[in-house]
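FYI, it's all coordinate maths here, none of it is from the lab. Owing to the predicted nature of the structure, the values given are computational and were not obtained by experimental measurement. Every residue, glycine among them, receives a Cβ derived from its backbone with ideal geometry; neighbour counts consider all protein chains shown.
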Amino acid sequence: MATVDTADHHDNHGHDDHHGPEPGIMRWFKTTNHKDLGTLYLIFGLTMFFIGGAMAMIIRLELFQPGIQFVDPYFFNQMTTMHAIVMIFGGVMPAFTGLANWMIPMMIGASDMALPRINNWGFWLLPAAFLLFLSTLFMSGGGPAGGWTLYPPLVLQTGDAFPFVIFSIHMMGISSILGAINVIATVINLRAPGMTLMRMPIFVWTWLITAFLLLLAMPVLAGAVTMLLTDRFFDTTFFSAAGGGDPVMFQHIFWFFGHPEVYIIILPAFGIVSQIIPTFSRKPLFGYASMVYATASIAFLSAIVWAHHMFTVGMPLAGELYFMFATVMIAVPTGVKVFNWTATMWRGSITFEAPMLWSIAFVILFTCGGFSGLMLGIGPADFQYHDTYFVVAHFHYVLVTGAVFSLMAAGYYWMPKWTGHMYNEKIAKAHFWISTISVNVLFFPQHFLGLAGMPRRIPDYNPQFAEFNMISSIGGFVFGISQLLFVWCLIKCIRGGDKATSQVWEGAQGLEWELDSPPAYHTFETPPSEELIIKHAPTAH
Amino acid sequence: MKGTVNKTSVTKYMTMFSRCTIAAIATLVGSAATAEYGLNMTEGVTDISKQVYGLHMMVLGICIIASIVVYGVIVYSLVKHRKSKGAVAAQFHESTTVEILWTAVPLIVLVLMAIPATKTLIAMEDSRNSEMTVKITGYQWKWHYDYQGEGVDFFSTLSTPAAQIYNREEKGEHYLLEVDKPLVIPVDTKVRFVLTAADVIHSWWVPDLGWKKDAIPGMVNDSWTEIIDGPGIYRGQCAELCGRDHGFMPIVVRALSKEDYKAWLEEQKNSI
């Protein structure tokens, strides 16, 4: 990746006059190369994962015992709020965009993303946005403390940080929209001749659908936070009943963004495990077409169920019934996906390299989060579950053991392709086992806490909740520290290790495995042949 | 002959296994019920809360059964179909029959779940024919109760001393779940609540009553309860993040018999 002349000895691509990356540090600021930007996105995502993780450590430290020990309750609220925004917008979403940047062009036989300059801008907005966002911690009145959902009127009580928070969210949103436009433009326009839509790898499909969800959701968030801004500074009353507005309207608008958002986070994860499980089962993905349709159905349903986050706001009965029915419907296409992964493993020839371990854990633990999601969808029961630790457990099962586990799987799966070296399987497996055990110690007891009556977002609690909180915190510390193993493994892999072949994994399918490891700086400047595409097509067998 | 013997022993093992499992679960749940900390949702003290508990247990049961099936198949694959055991990969990758099957079966289960859920939801939202009304107003960070038409109203504030919160004193049994003046309501009476807030959104939640409802500034929500399990003290907390002391605005409901409630109400009126 680092050498200047890698493109030259790759004879597939003939002559071209821009051979390699610009030397020096300016390469990373000026780059329009999808691989460079993919790397930047992934490193940024990992960095934010640790910053958001540090905030989670503070939260778990304060909750280790009843009583106020370490931080003021208001700072605790800042931590819960910022942990969520950093993890969602800074950790998971950029990491998936990084994977899209790296993998989509190589998977569809394109030479780069369709809009390379926009790609550069889309990335470089993020460090600016998060520097601004994190700097609010040091402003008078502290950072945002009203929860990541930014509900008014509470969020309007934020101190000087308020406009900076809104502006940074705008920048994050613009970055996401640019990334989404780029993915759509690339997948629609730059597929190699012969790469029909139904020959695309499933990861590309899930990202294409995700990109449309992003285009649907992010402008809505931008609108919502802009209305907050004008409510605070320009005397509008969109969300204030005193002026004829409605605080609940904000929640409707927010969740119209927020619910598709959770599928924006999980659909690419579905794509990743749908690539990895067939590889290590040495068997084609079961029901490729139905996986595509299920992804599209989930995306559609995700846009029409938002108010299940709001069963307790006092909606009319008809609204509550509708949102309950629509919500539990999501279980059907999601079930199809889980069944398809199971059927893919069934009668395969399975091996357990690190990417497969993470993917298996994903299927099992994401399903656990799916079940608690189904329970939450039952309206009357939600009147008990809502805003308790049961919800916290639920969304961490789908976001941590779902999205983050899929990212770890992807990291180990494609690391040899990116770096040209095999990672250290021993460290990777240690990372997996410690993470998987500790993450369950961390989040499973939170189901019990919620059911027993502990609300979320509280810094202190009755001693009846002490045991499970302590167990959960211990799991949290171990899980947090064990993520350093990933960094160790990654650095070792970049610096050296066994040489990776271009195929890397015995059972791997897809055009990216035809390229060298690491691939040349510019790949597929001559599109791959149709025979090659058919050979790697998911439905080819 | 041999086959029969094997089958019988398998059945025996299955029975033993399932008995052990049930015993283990029963011990776990039983000990949890008696222990200070809970594992499960409370059944509560109203008809609605018991219906909600029933729905919760039903869906939980369905999820457990489904997870046993799915996880069972996955674990079987992981054990039997591994390359190190010489498994050779089959190449099948489609079957319309099973795809229709595993779309239709969950759909049917969902419809069956939705029927009782709908019934309960309709009952929860029917606050007609109440015998009395209490207006609940959320403040940062306390509750205000106003007995409509009785001229009785008061604030209800956390009574746990700061010394306990900052670990200078031993924490009491009802640490953070105790107030200076609880909400008092009669049992076996349909009590309607109207909820609103003065500053930011709060949420009024007593798990034993089976629901929470948001108290929103400038809006009025309503809900109701009828305590059928007799007098007692039921505790809860604000459930919607409402600022710095969100964790410090508990709710205590003291349910009295109808006569005791009348006496209490008279006393309150006289003391004004």
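What the Kirkwood sum gives for the stretch A:225-353 is a hydrodynamic radius of 17.3 Å, with every pair of different alpha carbons counted. This ranking places B:Cys63, B:Cys242 by how few other beta-carbon atoms lie within 10 Å of each, fewest first, which gives B:Cys63, B:Cys242.
Taking the Kirkwood radius as Rh and the Cα radius of gyration as Rg, chain A has a ratio of Rg/Rh equal to 0.96. Counting only Cβ charges, +1 for Lys and Arg and -1 for Asp and Glu, the dipole size of the stretch B:123-239 around its Cα centre is about 260 debye. For chain A, averaging the sequence separation of C-alpha pairs within contact (under 8 Å, six or more residues apart) and dividing by the residue count gives a relative contact order of 19 percent. Charge dipole of the stretch B:206-272 (Cα centre as origin; +1 on each Lys and Arg Cβ, -1 on each Asp and Glu Cβ, all else neutral): 140 debye, rounded to the nearest 20.
Shielding of peptide A:357-370 by partners, expressed as the average count of other chain Cβ atoms within 10 Å per residue Cβ, is 2. Semi-axes of the equivalent ellipsoid of the stretch B:57-98 are 28, 16, 4 Å, computed as sqrt(5λ) over the eigenvalues of the C-alpha gyration tensor in descending order.
Each residue of the stretch B:227-235 is assigned a 3J(HN,Hα), and the resulting list reads 7, 10, 9, x, x, x, 10, 10, 10 Hz, derived from the Karplus form 6.51 cos²θ - 1.76 cosθ + 1.60 (θ = phi - 60°), x at Gly and Pro.
Shown for A:Glu261, A:Glu531: other C-beta atoms within 10 Å of each C-beta, ranked fewest to most, produce the order A:Glu531, A:Glu261. Here the stretch A:375-496 was treated as a single set of alpha-carbon atoms; its pair distances binned every 10 Å from 0 give 13, 36, 26, 16, 9, 1 percent.
For the protein assembly as shown, DSSP calls about 70 percent of its internal beta bridges antiparallel.
Remark on B:Val152: its backbone amide H falls under 5 Å from those of B:Tyr147, a criterion applied only to residues 5 or more positions apart or on other chains, H modelled at 1.01 Å from N.
Within 10 Å of the Cβ of each residue in B:114-126, the mean number of Cβ atoms contributed by other protein chains is 5. Arranged from fewest to most other beta-carbon atoms within 10 Å of their beta carbon, A:Leu357, A:Leu407, A:Leu515 become A:Leu515, A:Leu357, A:Leu407.
Taking the square roots of five times each eigenvalue of the Cα gyration tensor of the stretch B:108-251, the equivalent ellipsoid has semi-axes of 28, 19, 16 Å, listed largest first. Summary of the geometry: the stretch B:183-214 and the stretch B:78-121, compared by the centres of their Cα atoms, lie 41 Å apart. Taking 32 Å as the limit for the C-alpha separation, the pairs B:Lys119/B:Lys142; A:Lys492/B:Lys80; A:Lys429/B:Lys212; A:Lys337/B:Lys80 exceed it in the case of B:Lys119/B:Lys142; A:Lys492/B:Lys80; A:Lys429/B:Lys212. The mean sequence separation of alpha-carbon pairs under 8 Å and at least six residues apart, normalised by the residue count of chain B, gives a relative contact order of 18 percent.
For the residues of A:184-191, the average number of beta carbons from a partner chain within 10 Å of their own beta carbon is 0. Highest average first, the peptides B:43-53, A:229-239 ordered by how many other beta carbon atoms sit within 10 Å of their residues are B:43-53, A:229-239. Magnitude of the charge dipole for the protein assembly as shown, about its Cα centre and with charges confined to Cβ atoms of Lys, Arg (+1) and Asp, Glu (-1), is about 2340 debye. When the alpha carbon coordinates of chain B are projected onto the principal axes, the ranges are 87, 45, 38 Å, largest first. Amide H to amide H distances under 5 Å link A:Thr388 with A:Arg456, where only residues 5 or more positions off or on other chains count and H is placed in the peptide plane.
Ranking A:Ser274, A:Thr210, A:Thr526 by Cα position along the charge dipole of chain A, where only Lys, Arg, Asp and Glu carry charges on their C-beta atoms, puts A:Ser274 farthest toward the positive end. When the protein assembly as shown is described by a simple charge dipole with +1 on each Lys and Arg Cβ and -1 on each Asp and Glu Cβ, the residue from A:Phe138, A:Pro152, B:Gln91 located farthest towards its positive end is B:Gln91.
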